[in-house]
Amino acid sequence: MAIQWFPGHMHLTRQAITERVKEIDVVIEVLDARLPGSSANPLLQEMTGHKPRLKILNKQDMADPVQTKAWMDWYNAQSETRAIGLDASEPAPTKRLIEQCKLLAPSRGGLAKPMRVLICGVPNVGKSTLINSMSGKTQAKTGNEAGVTKLEQRIVLADDFYLWDTPGMLWPRIIVEKSGYNLAASGAVGRNAYDEDLVALELLLYLQKHYAPMLEARYKLGISAEDIAALHDDELLTLIGKKRGAVMSGGRVNLQKAAELVLTDFRDVSIGRITLETPAEFEAWLAEGQQK
Ligand code: GDP
């Protein structure tokens, strides 16, 4: 597998979540809307499978709205599961969360039976930003700091609504190869854990297939979307490098620099709002992975 990233202290988190979940009414999983399948942690399903679930497709401002809707429909078709799209510009995230949790656990609420919610998410999905905006404080530490141990914290969002932040760190568990690439492209994986050329080439392969007109709009390659889609991925990377001046002395394209450019453009949404996997694609990758 090209990218594997699953540090050992996950088992501590697993123990802590299993313990906490006994007194929880709804489990919120914050996902990156650009890669909902790959930014989920399959262990979470195992640990909390019997609890109602709210999937937050976060950073929806960066994702393809058509695909965000497709993922929401896909989750909403599952039992005891609801999904909403969210991003940091949402003016009242707390209200939306409370509404959704009430639908999932209608018997909870009121001071005698406060709603008890656990919020989970792998690094970089925007969980800290969301918690901070709900609690009105700079409580949760934002940004990636691999290995930082976080103490369990309870945040009171309303008199009868308690939110527990995940004890420990929940790492992505990369069970299919494509998920590794998508997590790396999204910026969720430490830079030294992957090869930028490979990640950029995988990203381009996907963009050629699904977002060729956006590539043309961004890089002005002067060829049709069909021709972009037909290019070999390293030809496309070379062309982009040439167009954007990633050239070494002697005129050869600096592919490393071109790869960095493409990844940066994807991460700051300069290419456009893009989602890296559809529900059907993700299911197919999972099925393929299981056959191996
Ligand atoms: P965590 O690791 O899940 O706690 O993620 P953070 O809250 O630290 O966010 C990771 C990065 O994503 C930070 O640079 C945030 O500013 C950014 N971010 C968080 N939420 C959003 C969002 O809704 N939209 C966009 N565009 N960026 C976001």
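None of the figures in this text is laboratory data; all of them are computed from the coordinates on show. The shown structure was predicted, so the numbers you read here are calculated from the model rather than taken from an experiment. For neighbour counting, all protein chains shown are included, and Cβ atoms are generated from backbone atoms with ideal geometry for every residue, glycine included.
Here are a few things to note about the model shown:
- Normalised contact order of region 170-259, rounded percent, pairs of Cα under 8 Å and 6 or more residues apart: 22 percent
- Taking the helices alone, the chain has a mean residue ellipticity at 222 nm of -13000 deg cm²/dmol, built from -39,500 (n - 2.57) per DSSP H run of at least 4 residues and averaged over all its residues.
- Shape category assigned to region 251-292 from the gyration tensor of Cα positions, a/c cut at 1.5: oblate
- Alpha-carbon centroid distance for the pair region 244-292 / region 62-82, whole angstrom: 23 Å
- Residues of region 181-213 with amide N under 20 Å of a point placed 7 Å along Cα→Cβ from residue 96: none
- When the charge dipole of the chain is built from unit charges on Cβ atoms (+1 for Lys and Arg, -1 for Asp and Glu) and taken about the Cα centre, the candidate among 84, 70, 255 whose Cα reaches farthest toward its positive end is 84.
- For the chain, the dipole from Cβ point charges (+1 on Lys and Arg, -1 on Asp and Glu) about the Cα centre works out to 820 debye, to the nearest 20.
- Phi angles of region 157-163 translate, via the Karplus equation with coefficients 6.51, -1.76, 1.60 and θ = phi - 60°, into HN-Hα couplings of 8, 7, 3, 10, 9, 10, 10 Hz per residue; Gly and Pro are given as x.
- Positive-end residue, the chain charge dipole about Cα centroid, Cβ charges, pick of 133, 228, 12: 133
- Size-normalised alpha-carbon gyration radius of the chain, reference 2.2 N^0.38 Å: 1.07
- Under 5 Å from the amide H of residue 254 lie the amide H atoms of 247, 248, each residue being 5 or more positions distant or on a separate chain, with H modelled from the backbone and absent for Pro and chain starts.
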